[in-house]
Amino acid sequence: MAEEGQKVVLVTGGAGEIGSAICRKFAENGYSVVATYNSNQAKAEKLLAELGSGNHRIVQAPTTDAAAVDRLKQFITETCGRLDVLVNNAGITTPVSHDDLEGLTDEWIDKIMQTNFRGSFAMVRATRSLLEKAAELTDTPSLVVNISSIAGIYGIGSNVAYCASKAALDSMTRSLARVLAPKIRMVSVSPGFVEGEYTKNFDPAFLQNQRDHTPLGRFATGDDVASAVFALASSLTFSTGNIITVDGGRLLK
């Protein structure tokens, strides 16, 4: 069990670039961290070692697998007894030019929507009772953060389905913020490009063009996103239903 009074955060896709930064931020601030992974156990174990002591755990639980999500809920119930923050970070995409309608296959459309939207909804549905319990224990709302993207706002991203999936995620944020209040808050954190392994998939000239069109002159880092997520848990506690961009002003140009 988490130590008495210790808050618990669940981060899906916790071993990735953004997820691991979020896990570290919460661990550094005294949370017990539960990080899920899909298939890369070695990467997840590396993250767990980096988090150090503090009742942290890793669990294999693809968000699109209903049985795995149910087992995850039972695991958190039995080992933590509560859940204060859920971060829906697990997501997938693949680069396909927006004018390549044949290149964006039905298979990829389904995979992207199932992971980025349906999987996030499934996590909220599964953990609702745990989040409500934590709200009753602390007399403050629990928090769900959906890691979205500015692609969902302005329709430019790795492919058309990815943009649509993030727009759907933002719509879900607004809908559930209304119906789950006052015990649960819902917020989307929407980065622009995030510097890391994924950006290596793009042409360097394209990436430089994107930087040139970003008023602050660089891409976000995983730590930038993690700081925004933690601020919602620690400081911006009267926010719900919002879409918070972490994009260096990219939408201004």
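Just name the residue that is nearest to ILE153 (Cα to Cα) out of those in the stretch 191-232 that are of a type in the set (Gly, Ala, Ser) and surrounded by 19 or more Cβ atoms within 10 Å (Cβ to Cβ).
Within the stretch 191-232, the first condition is being of a type in the set (Gly, Ala, Ser), and the residues that meet it are 192, 196, 205, 217, 220, 222, 226-228, 231.
Adding the requirement that they be surrounded by 19 or more Cβ atoms within 10 Å (Cβ to Cβ) leaves 192, 220, 222, 226, 228.
On the way: GLY192: 10, ALA220: 17, GLY222: 20, ALA226: 20, ALA228: 18 Å.
Among them, the one singled out is GLY192.
For the stretch 3-18, does any single residue satisfy the condition of being buried (at least 24 other Cβ atoms within 10 Å of the Cβ), in contact with an Asp or Glu (Cβ under 7 Å, 6 or more places away or on another chain) and farther than 21 Å from ILE92 by Cα?
yes
Scan ARG185, ARG218, ARG178, ARG211 and give me the residue that is part of a strand (DSSP E or B) and of a type in the set (Lys, Arg). Steps first, answer last, please.
Values: ARG218 fails: part of a strand (DSSP E or B); ARG178 fails: part of a strand (DSSP E or B); ARG211 fails: part of a strand (DSSP E or B).
From the options ARG185, ARG218, ARG178, ARG211, the qualifying one is ARG185.
Within the set of pairs 6+ apart or on separate chains, which have a first residue in the stretch 10-37 that is at positive phi, a second that is modelled with pLDDT of 95 or more, and C-beta atoms under 6 Å apart?
Once the first residue is at positive phi and sits in the stretch 10-37, its partners that are modelled with pLDDT of 95 or more give GLY13/GLY19; GLY13/ASN89; GLY13/ALA90.
Going by what's in this entry, would SER235 be described as surrounded by fewer than 13 Cβ atoms within 10 Å (Cβ to Cβ) and more than 16 Å from the chain's Cα centre (by Cα)?
Values: surrounded by fewer than 13 Cβ atoms within 10 Å (Cβ to Cβ): yes; more than 16 Å from the chain's Cα centre (by Cα): yes.
Taking the combined requirement at face value, the residue satisfies it.
What number of residues within the stretch 16-37 satisfy the criterion of being at pLDDT below 95 and either in a loop (DSSP other than H, G, I, E, B) or over 12 Å from the mean Cα position of the chain (by Cα) (or both)? Even if it seems obvious, please write down each step before you answer.
To start, the set of residues in the stretch 16-37 that are at pLDDT below 95 comprises 16-17.
So of that shortlist, the ones also either in a loop (DSSP other than H, G, I, E, B) or over 12 Å from the mean Cα position of the chain (by Cα) (or both) come out as 16.
Residues in the stretch 16-37 being at pLDDT below 95 and either in a loop (DSSP other than H, G, I, E, B) or over 12 Å from the mean Cα position of the chain (by Cα) (or both): 1 in total.
Looking only at residues that are out of contact with any strand residue (DSSP E or B) (no Cβ under 8 Å at 6 or more places or on another chain) and among the β-branched types (Val, Ile, Thr) in the stretch 85-104, which one is farthest from LEU10 (Cα to Cα)?
So the first thing to find is which residues in the stretch 85-104 are out of contact with any strand residue (DSSP E or B) (no Cβ under 8 Å at 6 or more places or on another chain), and the list is 92-104.
Among the residues that remain, those that are also among the β-branched types (Val, Ile, Thr) are: 92-94, 96.
Details: ILE92: 19, THR93: 22, THR94: 25, VAL96: 31 Å.
Once the filter is applied, the top-ranked residue is VAL96.
Can you confirm whether GLU50 is part of a helix (DSSP H, G or I), touching a residue at least 24 places away in the same chain (Cβ under 8 Å) and closer than 24 Å to VAL225 by Cα? It would help to see each step written out before you state the result.
Numbers: part of a helix (DSSP H, G or I): yes; touching a residue at least 24 places away in the same chain (Cβ under 8 Å): yes; closer than 24 Å to VAL225 by Cα: yes.
Yes.
The values are calculated or read from the model by the stated rules, or taken from the named source; none is laboratory data. Note that the coordinates shown come from a computational prediction; the quantities given were computed from them, not determined experimentally. Cβ: placed from backbone, ideal geometry, glycine included. Neighbour counts: every protein chain shown.
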